[in-house]
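Encoded as structure tokens, the structure appears first; notes follow it.
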Ligand SMILES: [Zn+2]
């Protein structure tokens, strides 16, 4: 699959403008016999995988690349078991840890904020009861921000797990993911009107001739449209209060935001690049933070 040496390929993704020493910032280096980058300024040795999700991996990078390739090829999400089978990994635990590392990388920590016209909303998914969604049911709250483009198209999205009553959380979420100066569209709930005082244009629909929000007639409600896209069924079945839940949201977000990338190679490239920009998480942290599942 890869004609070139994986570490050299990774180096170009990680340092597109050339190597820079993480300690002193010097761009002057020489390569050691062990394939490290040795800074001429401060003599620090740097491995291309240090500080990425591949940090201290004992598995060949080629196998990691195969994992990224497999993950980006599946439209409906990947299970750890599927990954274990395809790669021939010995332990399920390893496959599981890899899945979660890759999911973390799917959403870069430094990603750009949404802008333009952005709908901010909350929805409730999953759960076993058929009653009304909302506070008190066992459905899971999801905070949603979605760019609305021309011709009724949805642009990029952000999803986060929300608390049971997410209105105030929704305001904080909006501030985190939407660039100031953008127009935020909501259902007009009272708490959400404070967006207008936080540097945004706030837009909501009212019932004709009154100031009462027309929540039920909001024409652009986003979740029904997201939930008809690939992978949403898997997302809903995974919805649980467990600590792994945010990872599934991240995976869904990555796939949704890349849904128009026709080229599988481009997805591979993008996820691998994000892997080099994502801090490593030791396996024990992954396991302990997800022990609720
Ligand atoms: Zn240096």
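Each value in this text was obtained by applying a stated rule to the coordinates, not by laboratory testing. Everything numeric in this text was worked out from a predicted model, so none of it was measured. Glycine also receives a Cβ, built like all others from the backbone with ideal geometry; neighbour counts cover every protein chain displayed.
What's the Kirkwood radius of region 1-88 in Å, using all Cα pairs?
14.8 Å
Among 76-82, 12-18, 143-149, what's the highest-first ranking by average C-beta atoms within 10 angstrom per residue?
Final packing ranking: 143-149, 76-82, 12-18.
Over all alpha-carbon pairs in region 1-48, figure out the percentage whose distance exceeds 19 Å.
Taking all Cα-Cα pairs of region 1-48, the fraction more than 19 Å apart is 21 percent.
What percent do you get for the relative contact order of region 1-84 when only Cα pairs under 8 Å and 6+ apart count?
About 17 percent, as a whole number.
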